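So the structure is just underneath, and the comments pick up after that.
The values are calculated or read from the model by the stated rules, or taken from the named source; none is laboratory data. None of these values were measured; they are calculated from a predicted model. A quick note on method: Cβ atoms are made from the backbone with ideal geometry, for glycine too, and the neighbour counts reach across all protein chains shown.
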């Protein structure tokens, strides 16, 4: 029965090996992402081997023949060319491991001594140590095993357990199949020593065998003994710079931690607190400058189970505040005021206080605005200073100014000369206002209309000849002495009657100039003709001329009167009147 069971196991194992070959070939043809071969320093943790094995025992069994014979015949095993072998190796490190191995050779072909290709069957079950020397492509190995062998034959001996020792080695070729998990055992060559004792009876005996074994097959790699990647740690400080008192947070980011282990973080640095992946830095007592925080993570004492990092930050000194200063309005009159506005700014948003000063006048205020009063300040530009200070004692100033203008003083009006009229062209009527004179007087009237509060002074002049009568001609002398006033009255008459100027706004004067003319003067409100016109010696034309104009007869009446007087004079003279001139 055991023979049948062994036979079945051998067949299953053989079929399994045959079935794996097309699968391996199909895996090689299938499009899959390329994978790198295992590195020398990261070979497999497990190697599972199955394959074909050839066994060549050397040695004889002294078999006691059945009675009535008492002969002892030495019988040898034939070579066994139908066998399978399996092994599992577990590696402690890159080179050394433990191995268990089983082999079955001709277990189902025990046909008896001399009657077939096999006269026995041998199985082995052993365990031991294995050494390997892996490279990227090939892996040589050697192993030493000890265990048991269960042998039957070579001449009808039943299966009996014995001792087996194995020493040998081989060569594996690493393929890219199954992502480099599959290798081919090119050969495995072993020397085995076996000792089996079947007993002292007939068809029994005992034997010591030196066995040569050759094997080949496939190896499947499982797992890896590469050490885990070392723990990494990176640190970052946020923010990168602060002002004293602002917090800094330092964060550690660990990599390749083993979830089965507990990671412990430690921090060092000025003002640093923290026991996890995050630490904080108190900067209130730190001076300005750069600082470094160091962190460490540790999950065990072995190399690669700890890492450290560092992060830097900078503490900046407080920056002083800034301030701007303005005045509204910037130009005022004496006694008026202006609003002074200060705009302060602290880069660190520190609380600010304000103060103000002025070169003259007074200024009051402690906030962002102050009031300036110009009372008591002289006219001109007044400098004003705006001051700001933060709670750290840092200050800033800015300047502005207010201009105090002098009060407006209206100019003192003065008499101004207008146009003048010449009476020398009309010898017969030397007091007549001609067209040329009217053009001048039209401008005078227009000026008086524009300046309704101004008055005019008309100053008439006469020549010395007109003022001095001929001897013996008293009547004529009286008429000529009035020529300057008559010219002034005629001028006023034109302005009143022709141009509509109020007579009260026009004053008539006589001058002392030796000319036949009338000078017109404009006297604005508040001006004084006597004060302003000092180069003229003028007198008021009182008497008949002024009285005649006041009675309503006007200049024309006086002119007629003058002409009548002139006519009488000529009549009295008779043929010699031409000697008197036009008078």
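Okay, here's what the table says:
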quantity: Residue within the range 342-355 that is under 30 Å from residue 408 (Cβ atoms) and assigned by TED's automatic domain parsing to the domain that holds residue 384 present; calculated: no
quantity: Which listed residue, of 537, 560, 512, 551, is at pLDDT below 90, surrounded by fewer than 19 Cβ atoms within 10 Å (Cβ to Cβ) and more than 24 Å from residue 466 (Cβ to Cβ); calculated: 551
quantity: Some residue of the range 235-256 being more than 20 Å from residue 315 (Cβ to Cβ), over 32 Å from the mean Cα position of the chain (by Cα) and outside the structural domain of residue 94 (by TED's automatic domain parsing); calculated: yes
quantity: Breaking point among (1) at pLDDT 95 or above; (2) under 60 Å from the mean Cα position of the chain (by Cα), for residue 147; calculated: (2)
quantity: Checklist (1) surrounded by fewer than 19 Cβ atoms within 10 Å (Cβ to Cβ); (2) closer than 29 Å to residue 523 by Cβ applied to residue 359, failing item; calculated: (2)
quantity: Selection status of residue 496, at pLDDT 90 or above and in contact with a helix residue (DSSP H, G or I) (Cβ under 6 Å, 6 or more places away or on another chain); calculated: yes
quantity: Checking residue 244 against (1) more than 19 Å from residue 229 (Cβ to Cβ); (2) free of Cβ contacts under 8 Å to residues at least 40 places away in the same chain; (3) assigned to a loop (DSSP other than H, G, I, E, B), the condition it does not meet; calculated: (2)
quantity: Residue within the range 204-221 that is over 25 Å from residue 105 (Cβ atoms) and part of a loop (DSSP other than H, G, I, E, B) present; calculated: no
quantity: Qualifying residues in the range 267-281 (those that are over 17 Å from residue 240 (Cβ atoms), surrounded by 15 or more Cβ atoms within 10 Å (Cβ to Cβ) and at pLDDT 90 or above) - the one nearest to the chain's Cα centre (by Cα); calculated: 277
quantity: Which numbered condition residue 421 misses (of (1) outside any strand (DSSP E or B); (2) over 30 Å from residue 333 (Cα atoms)); calculated: (1)
quantity: Residue match in the range 97-107 (condition: out of contact with any strand residue (DSSP E or B) (no Cβ under 6 Å at 6 or more places or on another chain) and either crowded, with 23+ Cβ neighbours inside 10 Å or in contact (Cβ under 8 Å) with a residue 12 or more places away in the chain (or both)); calculated: no
